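Following: one structure in structure tokens, then a few remarks.
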Amino acid sequence: MSGEFAAAGDIATGALIGRAVEPKAGEHGVGQDAHRICLNCSTALIGSFCHACGQNGHVHKTLTSIGHDLLHGVFHFEGKVWRTVPMLVTRPGGLTRRYIDGERARFVSPLAMFLFFVFLMFATFHSLESGTDFNLDTTSTTKAEKLAKIDGEIASTQAKLDRAQQRVAQGKADDDDQGDIVGYQATLNGLRVARTSIAVGPEEARKQAVSNVSTGWPALDKGIRKANDNPELALYKLQSSAYKYSWALIPISVPFVALLFLWRRRFKLYDHAIFVTYSLAFMMLLATTISLLMMIGAPVWLYGNLIAFGPPIHIFFQLRGAYQLNWFSALWRTFALLIFASITLTLFGMLLLGLGLME
């Protein structure tokens, strides 16, 4: 139950931050003026809002207004969310192009959408994690029995390796013996590592393996050792860093999109930033949807197709509509952006590792 409350809190926080980013975007208020002067700056009111500071002329002073403000921030966005989200899913190119061309009052801004869906995605992940129980050891096999079994496999593989090496030494080897020798040696190495893990325990084996890692970067090596000593804390730090620095995906991605339009000077960095931010907002929504489908036990083919085809199809239609491209131009840029996206995620992952492990 605490996970559900935490998830709801994350969603509400995301919506309120999104609304803070976009307190107004050209929309007009409704209702009659409750005061002749603005209670914020004392300017004489002309319409429903103060023309000097923008505050609403009608100020609520009831307890229910607090709940109204919360619901307003979470669900309303002045009604624009109900126009923006369907277009983000079905007509992303048209949404991007219209926003760039100046239609701001009709739609939620890309940054507000991005912030809301980031919070929604992490709230969903948090809820799923809190409701998942893991049982890693479902067998009753004793440690001694496991060691005896793996020792038998090691002895059997070693005997096969000895026979193959003997045939090679006697000049009786066939074409398969050299390949068999390499395979037996690899199998033996794996079995010995597995035996060590069973003998000393998986945690101790992992610690021994990680303690020998050396990247040549002292700060990172120290962070790896700390993560090795307390993996739960390290995972929390990585999740926290991903949550706090998700906005970094935007400046990392924009230069890659700009590379695709170097010879089209009418498209500026601003256009690319709007494209990237709306695109990332959709990807966050898609990740949330897939997670929920997996949680409720939806057919694998359903969320499998969403994973495989959702991102490229969305990128294709957003490129085509936002930049007014023909099919071929949008298609090759889609493939290029998918490659750039993998590079972007790698850079973002490196950033998270650096921030999370070296704190």
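Quick check on the stretch 71-104: of everything there that is surrounded by fewer than 20 Cβ atoms within 10 Å (Cβ to Cβ) and not in a helix (DSSP H, G or I), which residue is modelled with the lowest pLDDT? Here the answer is 104. Taking the stretch 274-306 as the range and being closer than 20 Å to residue 316 by Cβ and among the small types (Gly, Ala, Ser) as the test, the residues that pass are 279, 281, 287, 304. Within the stretch 319-347, the residues that satisfy the criterion of being surrounded by 18 or more Cβ atoms within 10 Å (Cβ to Cβ) and under 12 Å from residue 252 (Cα atoms) are 340, 341, 344. Kindly check whether there is at least one residue in the stretch 119-127 that is modelled with pLDDT of 85 or more and touching a Lys or Arg at 6+ places or on another chain (Cβ under 6 Å). No - not one qualifying residue is present in the stretch 119-127.
The values are calculated or read from the model by the stated rules, or taken from the named source; none is laboratory data. This is a predicted model, so every value here is computed, not measured. Don't worry about glycine lacking a Cβ; one is built from the backbone with ideal geometry, like all the others, and counts go over all protein chains shown.
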